[in-house]
1. For the stretch B:38-60, what are the residues that are more than 17 Å from A:C90 (Cα to Cα), more than 8 Å from every other protein chain (Cβ to nearest Cβ) and among the polar types (S, T, N, Q)?
2. Is it the case that the stretch B:57-78 has a residue that's assigned to a strand (DSSP E or B) and touching a residue at least 60 places away in the same chain (Cβ under 8 Å)?
3. Which numbered condition in (1) surrounded by 15 or more Cβ atoms within 10 Å (Cβ to Cβ); (2) part of a loop (DSSP other than H, G, I, E, B); (3) touching a Ser or Thr at 6+ places or on another chain (Cβ under 8 Å); (4) not β-branched (V, I, T) is the only one that A:D17 fails?
4. Can you pull out the residues in the stretch B:92-105 that are open to solvent by less than 10 Å² (accessible area, probe 1.4 Å) and in contact (Cβ under 8 Å) with a residue 12 or more places away in the chain?
5. Return the residues of the stretch A:78-100 that are more than 10 Å from the chain's Cα centre (by Cα) and of a type in the set (A, V, I, L, M, F, W, C); say none if nothing qualifies.
6. Residues in the stretch A:80-91: is at least one closer than 26 Å to B:M47 by Cα, facing chain B (nearest Cβ under 10 Å) and surrounded by fewer than 18 Cβ atoms within 10 Å (Cβ to Cβ)?
7. B:L68 - would you say it is modelled with pLDDT of 95 or more, surrounded by 22 or more Cβ atoms within 10 Å (Cβ to Cβ) and farther than 22 Å from A:G104 by Cβ?
8. Would the stretch B:100-110 turn up any residue that is at pLDDT below 95, within 23 Å of A:Y36 (Cβ to Cβ) and part of a strand (DSSP E or B)?
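The values are calculated or read from the model by the stated rules, or taken from the named source; none is laboratory data. Please read these numbers as outputs of a predicted model, since none were measured by experiment. Cβ placement follows ideal geometry from the backbone for every residue including glycine, while neighbour counts extend to all protein chains displayed. Only protein heavy atoms, including side chains, enter the accessible area calculation; ligands, DNA and RNA are left aside. Shrake-Rupley method; radii C 1.70, N 1.55, O 1.52, S 1.80 Å.
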Amino acid sequence: GESVGLHLPTLSVQEGDNSIINCAYSNSASDYFIWYKQESGKGPQFIIDIRSNMDKRQGQRVTVLLNKTVKHLSLQIAATQPGDSAVYFCAENANTGKLIFGQGTTLQVKP
Amino acid sequence: GAVVSQHPSWVICKSGTSVKIECRSLDFQATTMFWYRQFPKQSLMLMATSNEGSKATYEQGVEKDKFLINHASLTLSTLTVTSAHPEDSSFYICSAPRPSGLAEEQYFGPGTRLTVT
C-alpha cells in the first residue's frame, strides 16, 4: 500500500552543524510533499513543501530536495540550533487535502 | 497567534465513558477538517475527514460508531470518543485547511491528550 517512511528514527547533531533528514516514499504518483516539525505535546508545524515538478526548494535555513527517480525526499537544516530539536515528519499531500505522514525522525541538537 | 484551537488540551476519563473534543478554526471558515490520532513515539494517522453539512468520511479501520464526528458549523468540528477504553488513550490532533489547498495553509490544532483509566 501507499506509505511514506523515514530512514532514521533519531539524528543527533552538534549545534551549528548542518542536519539532513531523509524520507522515502512509495507512491510514484505522489506530486506534493511537505515537511513538518512537531515539538513535544504540540501539533505539527509547516516547514516547507515541494511539488514534483521541482528538485529543490529553499526556505530560511532549510532546503528540501526531491529525487523522483529513487522516490527520496530530504530536509536540510543549516546551522542547526537548539530550537530545532523536535520530531520531523515528511508527508504526502493527496489532492483531497489528506496527509499521509512518515514515521518521523527525532532531531537532537547538542549544545 | 493560534489559527486552530482544540479543547480540552488534555482529559482523563474512566473506561466506558464518552469524551468530546472540539476543534475550532479561529479566523477562517473551514468546510473540511481532519482528525488525526498519534500514539507515543509514532506518526500521525488520519482517522477521518469532517465535512460541514454532510457525513464524515472515515479511513479504513476506524470505527465510525466509536468515533463520532460532527461538523456543526464552518468553524467547529467535534470528535466524540464513545465508550472509551484504555487503548483509546492517545494524542488527538485536528487540522483545518484554508480553501487555497496549500499545505502551508493547512493549520494543525495543538492536540488533545486523552487518557482513559
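1. Residues satisfying the conditions are B:S50, B:N51, B:S54, B:T57, B:Q60.
2. No: the stretch B:57-78 contains no residue that is assigned to a strand (DSSP E or B) and touching a residue at least 60 places away in the same chain (Cβ under 8 Å).
3. Only one criterion in (1) surrounded by 15 or more Cβ atoms within 10 Å (Cβ to Cβ); (2) part of a loop (DSSP other than H, G, I, E, B); (3) touching a Ser or Thr at 6+ places or on another chain (Cβ under 8 Å); (4) not β-branched (V, I, T) is unmet by A:D17, namely (1).
4. The answer is B:Y92, B:I93, B:C94, B:S95, B:A96.
5. Within the stretch A:78-100, A:A78, A:A79, A:A86, A:A94, A:L99, A:I100 qualify.
6. No: zero hits.
7. no
8. For the stretch B:100-110, residues at pLDDT below 95, within 23 Å of A:Y36 (Cβ to Cβ) and part of a strand (DSSP E or B): present.
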